[in-house]
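Peer 1: Handing you this structure, nothing more for now.
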Amino acid sequence: MYRLRMGLCLVLGAAALAGCSDRNALTAPSARPLAETAALVDRPYTWSFTCSGDGSIGATWSWTQDGTVIASGIAGCFGDSGDGGTGVRPANANGFTAQVGSNSTSWTFDPAGPFKASLNGSVGWGSGNGGKKCGMFGCWKESGRLTVDS
C-alpha cells in the first residue's frame with residue numbers, strides 16, 4: 001500500500017509541477033517552415049522533345065535517388081517534328097539521367113529546388129554526304145533535343 005501511495009504522489013506531484021509552469025512558454029514542438037514542408041511533396045515537370053532530319057530518334061530520361069532509378073520517361077520522333085508532356089518528379093529525386101540518340105549524361109540537384117536540363121543528340125547510318133549517314137538503305141541523319149523543366 002505504501003508503494004502505491006508513493007507512486008501516486010509522484011504522478012500527482014509531476015502533474016502539479018507541470019500545472020505551475022509558465023503558460024506562455026512554447027511546450028509543443030515547432031512546425032517545420034512551409035518551404036521545407038513543400039520540398040517533401042512530388043513536383044510536376046514538363047518535357048519537350050524536338051527533332052529534325054530524315055530519320056528517327058529516341059530519348060529516355062530517369063529521375064534518380066542516390067543513383068537508383070525511381071521514375072522514368074521515353075519519347076521518340078521522326079523527321080522534323082516534336083512532342084511534349086508533363087509528369088511527376090518524385091519528392092526524393094536528387095538526380096536525373098537522360099539519353100538522346102547516342103548521347104547521354106547525368107545531373108545531380110537539391111530535391112528542394114527547381115531543376116532544368118536539356119540534352120542534344122543524333123543518330124544515323126553509314127558515313128559521308130554532308131553530315132548525313134549513308135548505308136544500305138540510303139543516307140539519313142536525325143538530331144534531337146530533350147528539355148525538362150521542374
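Peer 1: Note down the nm distance, to one decimal, between modelled labels 7 Å out along Cα→Cβ at Asp42 and at Thr108.
Peer 2: In this crude label model, Asp42 to Thr108 measures out at 2.6 nm.
Peer 1: Calculate the all-directions average of the projected area of segment 43-129's alpha-carbon convex hull, and give it in nm².
Peer 2: Hull-based average projected area comes out at 5.9 nm².
Peer 1: Can I ask one more? If you take the beta carbon distance between Ser118 and Ser81 as r and set R0 to 22 Å, what does 1/(1 + (r/R0)^6) give as a FRET efficiency, to the nearest 0.05? Numbers along the way, then the final one.
Peer 2: Details: r = 18 Å, r/R0 = 0.80.
Calculated value: 0.80.
Peer 1: Let me ask something else. What does the charge count near Pro111 come to, summing +1 for each Lys or Arg and -1 for each Asp or Glu among other residues with Cβ under 10 Å from its Cβ?
Peer 2: Cβ neighbours under 10 Å give a net charge of +1.
Computed from the coordinates by the stated procedures, all read-outs in this text should not be read as laboratory data. Please read all numbers here as calculations on a predicted model, not as lab measurements. Here Cβ is always computed from backbone atoms with ideal geometry, including for glycine, and neighbour counts include all displayed protein chains.
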